[in-house]
Every structure is written in C-alpha cells, then in structure tokens.
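No lab work stands behind these numbers, since they all come straight from the coordinates. The structure presented is a predicted model; accordingly, all values stated were derived computationally and were not measured. Don't worry about glycine lacking a Cβ; one is built from the backbone with ideal geometry, like all the others, and counts go over all protein chains shown.
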Amino acid sequence: MWNHKNILLGVDDKVFDKLKKYSKVGGILFLVLGLIGIIFPSFMTFSTVIFVSYLMLFAGLSSAWMTWVSNKEDWAGWLKSFLLLGVSLLMLFYPLQGVATLGLLFSIYFFMDAFAGFGLAFSAQGNQHRWLWIFNALMSLILAVVFMVGWPFTSIWLIGFFVGVSLFFDGIALLMGSTVLSEIEKEEEKKTLK
C-alpha cells in the first residue's frame, strides 16, 4: 500500500532518530496510561472530563479573543465563545454532569458512526471488503446502545474504560511504528554498505 521510501523521502537522519526515539517513549507512555484507564476507569473518566473541560475553556477564550480583535459586533462569535466557556465551567464545577454529557456525546457519535458505516457498506455493492464496513457499523451501533442503556450511570466507568483501551492500542501502534523505523534504518544501512 504505502512505500516507506516515499514516506521517508527527504527526512533528515536527526529527525528520523528523534521520531524513532519519541515514538518508543510515547508508545510506552500511552500503554501505561491505557492500562491505568482500563484498571481504574472512573479515574480516567474524570481525567478525561477535566481535560476536555480545559480544552473547551481554552477554545472559548481563544474564540472570544478572536471575536474581540476581528469583529466586536459578531453575535455568532460571541455566542460560540460564551457557550464554550459556559459548558467548560459547568463541566469543571459539576464533573458528574460533565461525565453524563460526555457519555451522551459518545453515544451520539457512535450512532452517527454506525449510520455512516451502514451507508458506506450498502453503497459499496459488489466490493469484497464490504463486510468490514458492516462489521465496523455493527460495532459502533453496539457501543452506542451500551452507552445509552445505562446512561448516565454507566458513563462513569465506560468513558474511562474506552479511553484507556484506545490509549493502550495507540501505545501498541507507536511501539510497532518504532520497530518498523528501526527495521527501515537497518535496511538502509545494509544498502549503503553494499
């Protein structure tokens, strides 16, 4: 599919070494964070809510600043800023409501992902890999239903668990990427020695 020679074309050796090193460090960090999320899902849920809250707070402040600088009469810009700031402060001061909100957002996301996946699967008539889209859509639908069945109470552990699983597999992917980069480096060294 992809040729590593094209991907790494023009990459400096120093950048390559840093990429290899930091993908290994990042992979280990993500593995550890993922395991913490899997073992302590409630802790990861509240950490996620706090992280998302601060991201929204920063986005609200940035939006307000840009509206102030660019067009003080832009009511839509001010509305966006105040909504972001309000929701972020609500989630920071009332984290249980923030957990419920994130659980509902995840559920909506999974329902929409399932809808899009089924749409792609049914529009790919005759494609031999169509079953992958159907499988993906079914998994998203199951996740959406799992979130909705016990909402808002199951959100306390589901969000942290799913974030932990995601971080764990991201860590594996980064470690595998580091391994692939090491193999590419060895392959390139063999070519230069010949």
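Rounded to the nearest 20, the Cβ-based charge dipole of the chain about its Cα centre (Lys and Arg +1, Asp and Glu -1) stands at 260 debye. When the chymotrypsin sites (Phe, Trp or Tyr not before Pro) in the range 71-177 are filtered for DSSP coil states and for at most 13 other beta-carbon atoms within 10 Å of their beta-carbon, the remaining sites are Phe153. Candidates Ile39, Ser23, Leu89 compared by Cα position along the dipole of the chain: farthest toward the positive end lies Ser23, with charges placed on Cβ. Starting from the Cα of Lys72, draw a straight line to each of the lysines and keep only those under 29 Å, dropping any in the same chain fewer than 8 residues away. Filter leaves Lys80.
Helix-only arithmetic for the chain: the sum of -39500 (n - 2.57) across DSSP H runs with n ≥ 4, divided by the residue total, places the mean residue ellipticity at 222 nm at -30500 deg cm²/dmol. With θ taken as phi - 60° and the Karplus curve 6.51 cos²θ - 1.76 cosθ + 1.60 applied, the whole-hertz 3J(HN,Hα) list for the range 59-75 is 5, x, 5, 5, 5, 5, 4, 5, 5, 4, 6, 8, 7, 5, 8, 6, 5 Hz, x standing for glycine and proline. Working from Cα pairs under 8 Å separated by at least six residues, relative contact order for the chain is 38 percent.
Peptides 170-176, 67-73 ranked from most to least packed by the mean count of surrounding Cβ atoms within 10 Å: 170-176, 67-73. Couplings 3J(HN,Hα) for the range 97-107, derived from phi with the Karplus relation 6.51 cos²θ - 1.76 cosθ + 1.60 (θ = phi - 60°), are 5, x, 4, 4, 5, 5, x, 5, 5, 4, 4 Hz, where x marks Gly and Pro.
Note on the chain: the alpha carbon radius of gyration divided by the globular reference 2.2 N^0.38 Å gives 1.34. Using the Cβ-Cβ distance between Asp17 and Val165 with R0 set to 41 Å, the FRET efficiency works out to roughly 0.85. Connecting C-alpha atoms closer than 10 Å in a GNM of the chain, tell me which of Thr48, Thr179, Thr154 has the biggest fluctuation. Maximum among the listed residues: Thr179.
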